[in-house]
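Have a look at the structure below before the remarks.
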Amino acid sequence: MRAVLWFLTLARLAFIPLFLQVAGAAQAMARAGGDASVLRWTSLGILFAMGVTDVADGLIARRYELVSQVGAVVDAAADKLAQAALLVFFAVSEGPVFTSLPLLFVAVIFGRDLLGLLGWLALRAWYGPIVIVHSWHGKATTGAVAAVLVSAALGVPSRGLAPFLVATGLLGLGSVLAYFFEGRRRGRAKSAYA
C-alpha cells in the first residue's frame, strides 16, 4: 500500500509540468485568436487530478495507518512545489484564458512560507528539535490558496477575486504566527522538563 502513496505523490509531481505545458498552450492559442476551450478544460482536469491525488494520498495514509514522518515531509514538499509552480504561472501568464494573480499575492504566500521556515529554524536553534503539529488554520490556508488557484484557472474576474486574495493572505500570515507561537510554547514546555 505504501507504493500507492508514493505513486500518488509522484503523479502529483508529474502533473505539474503537464499542467504548465497545457495551460501555457491554452494561453498561447487564445492570444493567437484560436479556440482554447479544449486546452483550458484539459488543464482544469489536470488541476483537479492534482487535488485528487493529494486528498487520496492523505486519506489512504490515515486509513491504513501508513502515516510516517518521511511521507509527511515528501507530501508537504510536493504540495509546496505544486503550489509555487501554479502561483507563479498564474502571476506571469499572459492571456485571456485564466485570471492573472497579482504579484503581491504571490509574494505574500511565498513570504508566509519563508517566515514559517525562519520561525522553525529559530525555534529549533532555541529549543532543539520541535514537532510541529498540523492545525486547522494551516489546513484552512492551504484550502484557501487552492481555492484561489482554482478560481484563477476558472477565469473568475480579478475584481471578484480581490477580497478573497486579501482574506487568504491574512489567513496565511495569521497561520504562520500561530504555528510560531505554538512551537514556542512547546519548546518552553520541553525546556521546563529538561
Handout entry: trypsin sites (Lys or Arg not before Pro) within the stretch 150-194, DSSP loop, no more than 12 other Cβ atoms inside 10 Å
Key = none
Handout entry: Efficiency of FRET from Cβ geometry, A84 and A3, R₀ 30 Å, rounded to 0.05
Key = 0.65
Fill in the blank from the handout: Rounded to one decimal in nm, the spacing of the 7 Å Cα→Cβ label points at L154 and I60 is 2.8
Completion exercise
Asserting the computed 222 nm helical MRE of the chain (DSSP H runs at least 4 long, -39500 (n - 2.57) per run, divided by residue count, to nearest 500) equals -29500 deg cm²/dmol
Completion exercise
Rounded to 0.05, the calculated FRET efficiency for the beta carbons of A25 and A178 at R₀ = 41 Å is 0.50
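Can you put V55, V176, V156 in order of accessible area, largest first, using a 1.4 Å probe? Walk me through the intermediate numbers first.
Details: V55 85, V176 20, V156 50 Å².
From most accessible down to least: V55, V156, V176.
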Fill in the blank from the handout: Probe 1.4 Å, heavy atoms of protein chains only: per residue, the accessible area of the stretch 96-194 in Å² is 58
Handout entry: Highest-first arrangement of 63-69, 106-112, where packing means the average Cβ count within 10 Å
Key = 106-112, 63-69
Problem - Anisotropy class of the stretch 49-120 from Cα gyration tensor, a/c 1.5 cut - result: oblate
Practice task
Note the listed values [x] 36, 19, 15; [y] 27, 18, 16; [z] 34, 21, 12, then indicate which one is semi-axes √(5λ) of the Cα gyration tensor in Å calculated from this particular structure.
Solution key: [z]
Completion exercise
Two pseudo-spin positions, 7 Å from Cα along C-beta at W120 and at V52, lie apart in nanometres by 3.0
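When ranked by the protection proxy of mean other Cβ atoms within 10 Å per residue, highest first, what sequence do the peptides 125-132, 86-93, 45-52 form?
86-93, 45-52, 125-132
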Exercise for the section: Measure off, as a whole percent, the carbon and sulfur share of the 1.4 Å-probe accessible area of the chain, all protein chains present. Expected result: 72
Exercise for the section: Mind giving me the nanometre distance, one decimal, between the label points for V131 and L10, set 7 Å out from Cα along Cα→Cβ? Expected result: 3.0
Fill in the blank from the handout: Contour minus Cα-Cα span, Q69 to A162, at 0.36 nm per residue, comes to 29.8 nm
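The values are calculated or read from the model by the stated rules, or taken from the named source; none is laboratory data. Fair warning: this is a prediction, and the values are worked out from it, not measured in the lab. Backbone-built Cβ (ideal geometry, glycine too); neighbour counts: all protein chains shown. Accessible surface is based on the protein model in full, side chains and every heavy atom, while ligands, DNA and RNA are left aside. Shrake-Rupley method; radii C 1.70, N 1.55, O 1.52, S 1.80 Å.
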